[in-house]
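Notes to accompany the following structure.
The values are calculated or read from the model by the stated rules, or taken from the named source; none is laboratory data. Bear in mind that the values here come from a model prediction, so they are computed numbers and not experimental data. So basically every Cβ, Gly included, is an ideal-geometry build from the backbone, and we count neighbours across all protein chains shown. With ligands, DNA and RNA removed, areas are computed over all heavy atoms of the protein, side chains included. Shrake-Rupley method; radii C 1.70, N 1.55, O 1.52, S 1.80 Å.
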Amino acid sequence: MFKKRVAVATIFLFTSLAFFAPIAQASAEDEKAFSIAKQNACLGCHAINKKIVGPSFQAVAEKYKSDPNAQTFLKNKIAKGGTGSWGVVPMPANAKLNEADLSALTSWILRGAPNKN
């Protein structure tokens, strides 16, 4: 009987780890992306779930959810700035962001900008 309990507990432990490990990784990636957004003044014009000057990150995710080129498009838009996607208010360029930061930021935005804060 004891061996059966140990086996069940072991299976439960490994199943739990397999379930929560990706969540922990996604959470760390989300926090990094949120930090990049804060450090680069993205949150001055964008919010996670409401329009400020620019669209919410969740609205961006919704608009581009079916676009296979969305990440490339958004990386370019963030790096070079521009106007026309959401109206006439121009988005300033963020040319100082490197490729890794652009990838982290756009992936996070396209996931709807999940954030614990």
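At a glance:
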item	result
Built amide H within the under 5 Å cut-off of residue 91, gap 5+	82, 83
For segment 51-90, convex hull of alpha carbons as volume per residue, Å³	66 Å³
Sites residue 86 and residue 35, calculated FRET efficiency, Cβ-Cβ separation with R0 25 Å, nearest 0.05	0.55
Whole-percent carbon and sulfur share, accessible surface of segment 56-108, 1.4 Å	57 percent
Prolate/oblate/rounded label for segment 27-117 (Cα gyration tensor, a/c 1.5)	rounded
DSSP-loop trypsin sites (Lys or Arg not before Pro) across segment 47-82, with at most 16 other Cβ within 10 angstrom	50, 65
In order through segment 45-61: 3J(HN,Hα) via Karplus (6.51 cos²θ - 1.76 cosθ + 1.60), integer Hz, x for Gly, Pro	10, 10, 10, 5, 10, 8, 6, 10, 8, x, x, 5, 5, 5, 5, 5, 4
Solvent accessible area, Å² - residue 66, 1.4 Å probe, full protein context	100 Å²
Solvent-accessible heavy-atom area per residue, rounded to whole Å², over segment 20-101 at 1.4 Å	63 Å²
